[in-house]
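The values are calculated or read from the model by the stated rules, or taken from the named source; none is laboratory data. None of these values were measured; they are calculated from a predicted model. We place every Cβ from the backbone using ideal geometry, glycine too, and count neighbours over all the protein chains shown. What goes into the accessible areas is simple: the full protein's heavy atoms, side chains included, and nothing from ligands, DNA or RNA. Shrake-Rupley method; radii C 1.70, N 1.55, O 1.52, S 1.80 Å.
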Amino acid sequence: MTNKHLYHIDFGWEDLGSPSPTIALLSGDPQRANFIAQTYLHDVRILSENRGLHSYLGYLPNGKPVLSATSGMGAPSLSIVVNELVQVGIQKIIRIGTCGSIQPHIPVGSIVISSAALCRQGAANDIAPVEYPAAADPFLTVALVNAAQELKIEHYLGITASVDTFYEGQERTNSANSHLIRKLEGITEEYRQLNILNYEMEAGTLFKMAGVYGFAAAAVCGVVAQRTVSENVISTSKDMAINNAIITAIHAATNVKNM
């Protein structure tokens, strides 16, 4: 652990108090990190809002200290934040994100808990070889599944496709670029046949970092698009999906045993 202020997150271990948190809830959206802190934690204190990477220290219902932090969008930004969080003593990270389902039986509003990721991310290649497994921590993942079951939230456990881009990488053509390179044409159907559940943009790199750095990582994402029907995010169900992911993560973080 380091006492110095880290360059990007702009706080250090000495800012975390005693006992210091060992678990972080990591969101791509700074507004989501703020919402989690202000809605579900108590005695919340702002650690930093540097570079839009908002970080808050608060306490779970059982009194356990926890960080609600922002990773930014995509794996390169996440890789910086995670590296620095580990430097200040974080040992467990739960990603709380959004995703698009690529399986017809997984509806918008439900959640996907990732057991592992097909990792098609450049940032991850700087962490470990392409062949290195991108696997979630089994104990933290089971805690998420147990939480969803106890909360009666519709949930699905399986493999996630983590890719670097929201449009081309997820085979969207309704964008500024309607002409995909050949290797991406039909990629969603290929992944569907491989029993991959969803698209998102961070979990694969997070899981590889966890394996290399020696911390526990898991991911839960609210389903905001049903890609077997449309490329579009369903805004009317977005808040419900995100809240389902948040409360599942909060419940899991509160009840997970020390590992």
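Annotations for the structure displayed:
- Residue check for Ile113: in contact (Cβ under 8 Å) with a residue 60 or more places away in the chain, closer than 26 Å to Gly74 by Cβ, open to solvent by less than 30 Å² (accessible area, probe 1.4 Å) and not in a helix (DSSP H, G or I): yes
- Test: residue in the stretch 14-32 that is in contact with a helix residue (DSSP H, G or I) (Cβ under 9 Å, 6 or more places away or on another chain), surrounded by fewer than 17 Cβ atoms within 10 Å (Cβ to Cβ) and within 21 Å of Ala218 (Cβ to Cβ): yes
- Some residue of the stretch 230-237 being at pLDDT below 95, crowded, with 16+ Cβ neighbours inside 10 Å and part of a helix (DSSP H, G or I): yes
- Listed by first and then second residue, the pairs with beta-carbon distance under 7 Å, at least 6 apart or on different chains, first residue in the stretch 168-182 and of a type in the set (S, T, N, Q), second open to solvent by less than 50 Å² (accessible area, probe 1.4 Å), are Gln170/Gly100; Gln170/Val163; Gln170/Tyr199; Thr173/Leu180; Asn174/Glu231.
- Yes/no for Met259 being at pLDDT below 95, of a type in the set (A, V, I, L, M, F, W, C) and open to solvent by 20 Å² or more (accessible area, probe 1.4 Å): yes
- Within the set Ala161, Ala147, the sole residue that is touching a residue at least 40 places away in the same chain (Cβ under 8 Å), surrounded by 15 or more Cβ atoms within 10 Å (Cβ to Cβ) and assigned to a helix (DSSP H, G or I) turns out to be Ala147.
- For the stretch 69-90, a residue qualifies if it is out of contact with any strand residue (DSSP E or B) (no Cβ under 8 Å at 6 or more places or on another chain) and touching a residue at least 60 places away in the same chain (Cβ under 8 Å), and the qualifying residues are Met73, Gly74, Ser79, Ile80, Asn83, Glu84, Val86, Gln87, Val88, Gly89.
- Of all residues in the stretch 194-229, those satisfying the criterion of being in a helix (DSSP H, G or I) and either in contact with a Pro (Cβ under 7 Å, 6 or more places away or on another chain) or under 15 Å from Ala117 (Cα atoms) (or both) are Ala203, Gly204, Thr205, Leu206, Phe207, Lys208, Met209, Ala210, Gly211.
- Hits in the stretch 70-80 (condition: crowded, with 24+ Cβ neighbours inside 10 Å and out of contact with any Pro (no Cβ under 9 Å at 6 or more places or on another chain)): Ser71, Ala75, Leu78
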